[in-house]
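Peer 1: Just passing along the structure, written as structure tokens.
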């Protein structure tokens, strides 16, 4: 003899089936999230290969902020600053040195331990200018840098020292 199934029983079975599918989906999402975290943790700097930053069309302020964040993240993870010599000054913070070999926005960027250098190179036609905190325009001579330490919002003309502070938002390049 075949048992009769009422409409109420099939509706309840459908609800239970849907709840089971939702439970499986939630478990799968949690497992994928944990796996992603584990991969990022285990691979460390190698995971940055998938999220590296290339110069692109970002502003100088955005590029500087990205370098400073990467340097600070490195310090937070390893307890020391990234290396200062090429190519490790870039690779330690997950960047490809060849992406930064040419000027970006007319400037050469170089991570250097706890600082980011913004340079004007010798032999090119680019000229870089920035205002000091008194509004005086300073010319960044070929081969000189503006230094922007990671642990302070202040940048410095040529040397990190009192009196050399500059307003990085006034930086501009001619001869492009």
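The values are calculated or read from the model by the stated rules, or taken from the named source; none is laboratory data. These figures come from a predicted structure and were not determined experimentally. Neighbour counts are summed over all protein chains in view; Cβ atoms, including those assigned to glycine, are modelled from backbone coordinates with ideal geometry.
Peer 1: Exactly one of these conditions fails for residue 93: (1) surrounded by fewer than 17 Cβ atoms within 10 Å (Cβ to Cβ); (2) modelled with pLDDT of 95 or more; (3) within 25 Å of residue 57 (Cβ to Cβ). Give me its number.
Peer 2: So the condition that residue 93 fails would be (1).
Peer 1: A follow-up question, please. Only residues that are touching a helix residue (DSSP H, G or I) at 6+ places or on another chain (Cβ under 9 Å) and at pLDDT below 95: list them for segment 147-167, please. Quick ask: steps written out before the conclusion?
Peer 2: Let us first name the residues in segment 147-167 that are touching a helix residue (DSSP H, G or I) at 6+ places or on another chain (Cβ under 9 Å), namely 148-151, 155.
Within segment 147-167, just 151 meets the criteria.
Peer 1: When you check residue 103 against the structure, is it closer than 30 Å to residue 170 by Cα and at pLDDT below 80, yes or no? Even if it seems obvious, please write down each step before you answer.
Peer 2: Numbers: closer than 30 Å to residue 170 by Cα: yes; at pLDDT below 80: no.
Considered against the rule, which asks whether it is closer than 30 Å to residue 170 by Cα and at pLDDT below 80, residue 103 comes out as no.
Peer 1: To continue, here is another question. Please go through segment 77-88 and give me each residue that is in a helix (DSSP H, G or I) and touching a helix residue (DSSP H, G or I) at 6+ places or on another chain (Cβ under 8 Å), ordered by number.
Peer 2: Taking segment 77-88 and keeping what is in a helix (DSSP H, G or I), we get 77-78, 88.
Answer for segment 77-88, where residues must be in a helix (DSSP H, G or I) and touching a helix residue (DSSP H, G or I) at 6+ places or on another chain (Cβ under 8 Å): just 77.
Peer 1: Please work out if residue 107 is without any contact (Cβ under 8 Å) to a residue 40 or more places away in the chain and in contact with a strand residue (DSSP E or B) (Cβ under 9 Å, 6 or more places away or on another chain). Before you say what the answer is, go through the steps one by one.
Peer 2: Numbers: without any contact (Cβ under 8 Å) to a residue 40 or more places away in the chain: no; in contact with a strand residue (DSSP E or B) (Cβ under 9 Å, 6 or more places away or on another chain): yes.
Considered against the rule, which asks whether it is without any contact (Cβ under 8 Å) to a residue 40 or more places away in the chain and in contact with a strand residue (DSSP E or B) (Cβ under 9 Å, 6 or more places away or on another chain), residue 107 comes out as no.
Peer 1: State yes or no: is residue 60 surrounded by 13 or more Cβ atoms within 10 Å (Cβ to Cβ), modelled with pLDDT under 60 and within 25 Å of residue 155 (Cβ to Cβ)?
Peer 2: Numbers: surrounded by 13 or more Cβ atoms within 10 Å (Cβ to Cβ): yes; modelled with pLDDT under 60: no; within 25 Å of residue 155 (Cβ to Cβ): yes.
When the stated conditions are applied, residue 60 does not pass them.
Peer 1: Residue 99 passes all but one of (1) in contact with a strand residue (DSSP E or B) (Cβ under 8 Å, 6 or more places away or on another chain); (2) surrounded by fewer than 16 Cβ atoms within 10 Å (Cβ to Cβ); (3) in a helix (DSSP H, G or I); which number fails?
Peer 2: (1)
Peer 1: State all residues of segment 110-124 that are outside any strand (DSSP E or B), in contact with a strand residue (DSSP E or B) (Cβ under 8 Å, 6 or more places away or on another chain) and either at pLDDT 95 or above or surrounded by fewer than 18 Cβ atoms within 10 Å (Cβ to Cβ) (or both); if no residue qualifies, say none.
Peer 2: Listed by number, the residues that qualify are 114, 121.
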